[in-house]
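Structure first, then comments.
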Amino acid sequence: MAVAAAGCAALSPVMAGGPAASGSVTAVHGSVAPRGAAARFGAPRAEPARLDRATRAALAHPGNTGPASPGHGFVVLDGSPGAPAANPATGTVYVPIQCATSFCPAQNGHTVDVINAAKCNAQVSSGCRVAARARVGSSPLAAVVDRGTDTVYVANGNDGTVSVLNGARCNAGVTSGCGHAVATIKVGQFPVAAALNPATRTLYVANLGGGTVSVVNVAACNAHTTSGCGQPARSVTDNAGPAWIDINVATDTVYVANNGDTVSVIDGAACNGHTGRGCGRVPATVTVGSNPNALAVDQASDTVYVANLVNTFNDGSVSVINGATCNAHTTAGCGQTPATVPTGTGAASVVVDGALHTVFAANAGDDTLSAINTRTCHGTVTSGCTKRPPNQQATSLQGPGFNSFPNALALIPQAGTAYLVNSGGRNIVSVTSIRQCNATNATGCRAEAPAVPEGSSLVTADPATNTIYAGNLNQPQIDVINAATCNTKDRAGCAPVAAIPMPDPGANVGAIDQATHTLYASDESPSGTVAVINTATCNATTTAGCAQHPPMIKIGAFPGPPAVNPVTHTVYVAYGNKVAVVNAATCNATDTSGCGQAPALVKVGTGTAILAVSTATDTIYAPASGPGFSGDTVAVINGATCNGTDHSGCGRLAATAKVGAGPFGAAVSDRTHTLYVANNANGDSPGTVSVINTATCNGTVTTGCSGPFPTAATGASPLLIAADTRTGTMYVTDLSSASVTVLNGSRCNAETTGGCGTATREQAVGSSPFGLAVNPPTSTVYVANGHLPGSMSIFAATRQ
């Protein structure tokens, strides 16, 4: 069974994190936008899907209906959130509301929602609602709590101010003072983050738009004393783009995460609310991972943990800075490369829980919360940093509490609860327990399938030769892997036994025509070619023909993985909004005389990349994800009149079926007469699979194409579907929840739909899963994970 995959929607550029729960220092953050300040706090839609590098450098994110996932409560907010802050002393969570809708079209909010953590936590949900609303400035993006004076400072992005709230009169139990701020502080352009040093009574504010850090004396500007609120704030120049702040109180060092790849180190003793003698100095910097989006200081170990968001979907890590050798007074260690922890895709926020000896990292692209052990991974002991830490699902991916892409969080440690939001995204706060997935207790963490270091994009299995063909992510080749020595019982032999040369990395390996022993694989470049590979001379046991450059068919720019109808000897390849129709009878491993042919073309919907073929009805199905994954149709092509030798029907579609939002991957089970279509949705609705009866919706019979169709629930951003031809089990890669949905095809198909909602399960895999294949001889599922440097998860196929 050959299945190829990928393509995805775009991750919101809003990657904001929450307060650091270490000691009395709290840091909050607005955001870092990979695509520029103008888009920083919105959730733009993706471009049409195609399997090229531009697509693979994006992330997907879906939405939903139905009951919330077990263990995930939620609060419906008054709009799209900014980065939250928590005051454990009053049991209050403050959530800035940057706009009055989900997925902000513009930042026009003026409130902070107040949540009662005593009545809304991992154990109690009776009070999971907004308890009060505080009035602040325009587009509040982040909040920070000064526990000493019970003051809440709120950074307002649009008007360059910080609102000052009286936390004693505006909290979970007392709301009389929420109606207005007691004062307003003028700071720099587009403030997005703040941190407070209680020892020097100084508030530091990161102004992303102006490239400065404002320095405010809060001894004279707090909930009780406002005489100094109107005084001009001092300023530190930070042209690298300050986006997040935290403070080491012991060394009086202010650490600032910058857009790009650096953290600035500011001397708080020489630049604070009482003295500005050092504010004009150029801060030292330390280079970390790409696009550091948040940081948190562990006061106990003098360590700075930095969440590296990066700009693409295939990475995400946490840098570990030794604060003892890189601080305001000692910068000798700032030039050293910090240790890194491989967390998950889109590491967006970090928070320290000292009691649990854990740094929690929210991986927005995975919907996971990693638990880093601060006893084995800190500034001076890094033995535990290299291993991927345990993680749990962070938010609900189905139900009214759906809230994918968590990129900011706050903790109430004594309640064992994390409050997570998608800053700039849905109007939801997810309430998640951290009691059973942390550095001291991993019983509640996800059980990820074992993985081997194989950096692949798409994969195809050839059961005839027990061979896995994998398009290499980084090298211009297709890796040839022996499935007999690389399966659930034996992973020792997973290293490729040979490589097939290709023009570019990331080949879209497609289907195999067993009759001619031919693998068709497209090159994802603008040249738009498809390789014709002889699987009889290049497989797991016979590699003599692997090194040869295969013949190529000219198709069109950025072709998707080829699909084959072996009965009509036709290869179908999608590119753009077309499907090329190739006569495979004269272009295969043994006969290449027709490889120079000009393929016939079928016009389909925008964003078509994946094709599914029913040999039983001679029908080709072409999902069209549409511009920004806004499409909702599947083109139905009659293969009887549109094939390698008969082009008479290629000028028209047999039908168009309407499915869910952003349909991308598809697979046909002729055994149950069912077409399965993965609805990616680009984050606006939950992941689903549409279930269509191919007996009544095909190239010649279209009475059943009108829908509506039953659906099965999946994880976040379903992309590709593979079928186990022996059992009818369907496997769906969920790009944005690091999982594979396992769908019981015998209980969820065109005739029997009772199991579509109850027979699904999620298999945890590595980060950014997209390509997958099932090898029936070894009952093994192979999943290509895009997280740098790439891995392949391997787990046993389900027996129905």
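The values are calculated or read from the model by the stated rules, or taken from the named source; none is laboratory data. Please read these numbers as outputs of a predicted model, since none were measured by experiment. Here Cβ is always computed from backbone atoms with ideal geometry, including for glycine, and neighbour counts include all displayed protein chains. What goes into the accessible areas is simple: the full protein's heavy atoms, side chains included, and nothing from ligands, DNA or RNA. Shrake-Rupley method; radii C 1.70, N 1.55, O 1.52, S 1.80 Å.
Couple of notes before you dig in:
- Residue in region 667-683 that is charged (D, E, K, R), buried (at least 21 other Cβ atoms within 10 Å of the Cβ) and touching a residue at least 40 places away in the same chain (Cβ under 8 Å) present: no
- Strands (runs of 3 or more DSSP E) within region 404-484 that include 1 or more residues of a type outside the set (Val, Ile, Thr) and under 17 Å from Ile794 (Cβ atoms): 456-462, 467-472, 477-482
- In region 464-482, residue nearest to Tyr520 (Cα to Cα) [restricted to those that are over 22 Å from the mean Cα position of the chain (by Cα) and open to solvent by 10 Å² or more (accessible area, probe 1.4 Å)]: Gln477
- Extreme residue, farthest from Gly687 (Cα to Cα), among residues of region 366-381 that are touching a Ser or Thr at 6+ places or on another chain (Cβ under 8 Å) and in a loop (DSSP other than H, G, I, E, B): Thr380
- Within region 442-463, restricting attention to residues that are within 19 Å of the chain's Cα centre (by Cα) and not hydrophobic (A, V, I, L, M, F, W, C), the residue that is modelled with the lowest pLDDT is Ser457.
- Residue list for region 502-533, filter: open to solvent by 30 Å² or more (accessible area, probe 1.4 Å) and either more than 16 Å from His569 (Cβ to Cβ) or in contact with a Ser or Thr (Cβ under 7 Å, 6 or more places away or on another chain) (or both): Pro503, Asp504, His517, Pro526, Ser527
- Filtered residues of region 280-296 (kept if open to solvent by 10 Å² or more (accessible area, probe 1.4 Å) and of a type in the set (A, V, I, L, M, F, W, C)): Val282, Ala284, Val288
- Residues in region 672-683 that are of a type outside the set (A, V, I, L, M, F, W, C), on the phi < 0 side of the Ramachandran plot and either outside any loop (DSSP other than H, G, I, E, B) or in contact with a helix residue (DSSP H, G or I) (Cβ under 8 Å, 6 or more places away or on another chain) (or both): Thr674, Tyr676, Asn679, Asn680.
- Within region 558-567, being assigned to a loop (DSSP other than H, G, I, E, B), under 34 Å from the mean Cα position of the chain (by Cα) and not small (Gly, Ala, Ser) holds for Phe558, Pro559, Pro561, Pro562.
- Residue in region 372-381 that is within 22 Å of the chain's Cα centre (by Cα) and within 30 Å of Val740 (Cα to Cα) present: yes
- Test result for Thr606, open to solvent by 40 Å² or more (accessible area, probe 1.4 Å), among the hydroxyl-bearing types (Ser, Thr, Tyr), in a loop (DSSP other than H, G, I, E, B) and in contact (Cβ under 8 Å) with a residue 12 or more places away in the chain: yes
- When every residue of region 391-409 is checked against the conditions, none turns out to be touching a residue at least 40 places away in the same chain (Cβ under 8 Å), open to solvent by 10 Å² or more (accessible area, probe 1.4 Å) and more than 15 Å from Ala716 (Cα to Cα).
- Residue tally, condition open to solvent by 10 Å² or more (accessible area, probe 1.4 Å) and not basic (Lys, Arg), over region 564-585: 10
- Count of region 685-698 residues which are open to solvent by 10 Å² or more (accessible area, probe 1.4 Å), modelled with pLDDT of 95 or more and in a loop (DSSP other than H, G, I, E, B): 2
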